[in-house]
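Before any comments, here is the structure.
The values are calculated or read from the model by the stated rules, or taken from the named source; none is laboratory data. Because the structure is a prediction, the values reported are computed rather than measured. With ideal geometry, Cβ positions are generated from the backbone for all residues, glycine too; neighbour counts draw on all protein chains shown. SASA here: full protein model, heavy atoms, side chains in, ligands and nucleic acids out. Shrake-Rupley method; radii C 1.70, N 1.55, O 1.52, S 1.80 Å.
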Amino acid sequence: MEHYYQPEIETMPVEQLKALQSERLVKQIKHVYDNVEFYRNRMDEAGIKPEDIHGIEDLHKLPFITKDDLRDQYPYGLLAKPLSDCVRIQSTSGTTGRRVVSFYTQHDLDLWEDCCARAICAAGGTKDDVCHISYGYGLFTGGPGLNGGSHKVGCLTLPMSSGNTDRQLQFMTDLGSTIICCTPSYAAYLAESIHERGLSDQIKLKAGIFGAEAWTEEMRHDIEQSLGIKAYDIYGLTEISGPGVSFECSEQKGMHINEDHFIAEIINPQTGEVLPEGEKGELVFTCLTKEAFPLIRYRTRDICILTRKPCSCGRTHIRMTKPLGRSDDMMVVKGVNVFPSQIETVLLNMGYPANYEIIVDRVKNNDTIEVNAEMTAEMMEDTSVSVAQREKSIVTGLKSMLGIKVDVHVVPPKTIPRSEGKAVRIIDKRNLYQG
């Protein structure tokens, strides 16, 4: 039985949904034109007035906005409401340069929490559940977003934040957590710790909501097996609100985008041309209901595919695949495009855990790539296969996946540092992005 938080919206006929989007877009464009100098200037430069936007069919006329624009306009340049109407900020764990700060009115927070509540209901959550939130709190959007969503559903909410694994496991067993929300790498680590301590029979988890970093189907399967749960994907970005921009339903075939709040487009990252549904390209979002910090045609740099194929869950909102890479953090090694997810797929298919490091360097103008892969305890005990044999078979597997030779080092369990937030998988020593 599929659960919905707001069934009338989540199952709204597509034509009605598009009409709602058009109505909201027209209002939003007027709002940003009147209140944000940056948008007014951009639209004037492009020769567009708010009255030229009659609905979603005119969206393509508007200019894009990028992360660089956000950094240039830091802190208040994109604010569309007076500061006196804003009640909170959230901020990204800035990977480079200035941080991105997002502002929220109380209304913005309510709508964001609705989106997260939809995700929790889609994972089977009800007021009888104990929702254990191990995403970081504070400036990071993971904790606060799902915390608010969990309250709205009526779950008993455990605001654990990340880290302190002993305490996580104590509350999980003593209070009978049924839904866990955290990064996939932390879920894998918790599963490891539960098995080591022999706590498996005391764990009542039935579902997990995992996001904030890329993970593969193989990793999903491993987490589902080891925790005995169904693992649901959730997607979002601080710039757009936080987690809950889209989420998976019981079908687990792509994430439904909350289209009453966000319009999604797929563009060709080189030309900016809007691509038809079903084509792979860069995901672009427009915020329809945000008051304080509404982004219009924001380029996420995430590569994915959108589909409107009917979903057995009954939700009518468009689905996106999990990001299939980035239009920017893709590594080009020896002229070959390499995505970390490709390497992860090979390792997990061979039974290695999702703890690995990819080290890229440039020696005498030649790119080098090496992978450190962690063994399981069982592999350590199995003396019939030598380390050299293990390394050789991974080298072969990676060669057929990537088309290039990778140096592989197999290391003992727990050698690679564990991450409680986003896992750092890639160490690129080439400084390709400096100046």
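Per-structure values
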quantity: Too-long pairs where the Cα-Cα distance tops 24 Å, listed order kept, from Lys61/Lys280; Lys67/Lys364; Lys392/Lys422; Lys18/Lys67; calculated: Lys67/Lys364; Lys392/Lys422; Lys18/Lys67
quantity: Under the Karplus curve 6.51 cos²θ - 1.76 cosθ + 1.60, θ = phi - 60°, whole-Hz ³J(HN,Hα) for region 129-137, x wherever Gly or Pro sits; calculated: 8, 10, 9, 9, 9, 10, 6, x, 9
quantity: Protein accessible area in region 146-280, 1.4 Å probe - carbon and sulfur %; calculated: 48
quantity: Kirkwood hydrodynamic radius over Cα pairs of the chain, then Stokes diffusion coefficient at 25 °C and 0.890 mPa s, in µm²/s; calculated: 107
quantity: Net charge of neighbours whose Cβ lies under 10 Å from the Cβ of Phe293, counting Lys and Arg as +1 and Asp and Glu as -1; calculated: -1
quantity: Sites excluded, chymotrypsin sites (Phe, Trp or Tyr not before Pro) in DSSP loops with at most 14 other C-beta within 10 Å, longest stretch of the chain; calculated: 77-432
quantity: From phi via Karplus (6.51, -1.76, 1.60), per-residue ³J(HN,Hα) for region 51-66 in Hz, x at Gly/Pro; calculated: 5, 7, 9, 9, x, 4, 5, 9, 4, 4, 6, 7, x, 7, 10, 10
quantity: Taking region 122-162 and dividing mean pair separation by its residue count, relative contact order in percent (alpha carbons under 8 Å, at least six apart); calculated: 52
quantity: Rg/Rh (Cα only; Kirkwood hydrodynamic radius) as it applies to region 248-328; calculated: 0.97
quantity: With Cα atoms, 0 to 90° folded angle of helix 340-349 axis to the chain main axis; calculated: 40
quantity: Accessible area of Ser312 in the full protein assembly, 1.4 Å probe (Å², nearest 10); calculated: 100
quantity: Average accessible area per residue (Å²) across region 226-279 - probe 1.4 Å, nucleic acids and ligands excluded; calculated: 30
quantity: Built amide H within the under 5 Å cut-off of Arg362, gap 5+; calculated: Thr368
quantity: Mean accessible surface per residue for region 78-149, computed with a 1.4 Å probe while every protein chain stays in place, in Å²; calculated: 34
quantity: Amide hydrogen neighbours beyond the local backbone of Ser162, cut-off 5 Å, H modeled; calculated: Gly136, Tyr137
quantity: Size of charge dipole - region 147-260 - debye, nearest 20, with Cβ of Lys, Arg +1 and Asp, Glu -1, no other charges; calculated: 400
quantity: Amide proton proximity set for Leu324, modelled H, under 5 Å, gap of 5+; calculated: Ile303, Cys304
quantity: Protection-proxy order for peptides 303-310, 344-351, 237-244, each taking the mean of Cβ atoms within 10 Å per residue, highest first; calculated: 237-244, 344-351, 303-310
quantity: Net length gained if the chain between Val332 and Glu45 were fully extended (0.36 nm per residue, minus Cα distance); calculated: 99.8 nm
quantity: Beta bridges by DSSP in the chain, antiparallel share as percent, to the nearest 5; calculated: 60
quantity: Dipole magnitude of region 1-67, debye to nearest 20 (Cβ charges: Lys/Arg +1, Asp/Glu -1, about Cα centre); calculated: 280
quantity: Under the Karplus curve 6.51 cos²θ - 1.76 cosθ + 1.60, θ = phi - 60°, whole-Hz ³J(HN,Hα) for region 163-177, x wherever Gly or Pro sits; calculated: x, 6, 4, 4, 5, 4, 5, 4, 5, 4, 7, 5, 9, x, 3
quantity: Of the GluC sites (Glu not before Pro) in region 262-298, those whose Cβ has at most 16 other Cβ within 10 Å and which sit in DSSP loop; calculated: Glu273, Glu277, Glu279
quantity: Nearest 10 degrees, 0 to 90: helix 106-122 Cα axis against the chain principal axis; calculated: 50
quantity: Relative pair counts by distance (%), Cα atoms of region 160-260, 5 Å bins; calculated: 3, 12, 24, 24, 17, 12, 6, 2, 0, 0
quantity: Three principal axis lengths of region 1-142 [C-alpha, angstrom, descending]; calculated: 53, 41, 28
quantity: Debye-sum result for region 5-50 in log10 I(q)/I(0), which assumes one identical scatterer on each alpha carbon, at q = 0.17, 0.25, 0.31, 0.33 Å⁻¹; calculated: -0.60, -0.82, -1.04, -1.10
quantity: Estimated 222 nm signal from helices in the chain, with DSSP H stretches of n ≥ 4 weighted -39500 (n - 2.57), rounded to 500; calculated: -9500 deg cm²/dmol
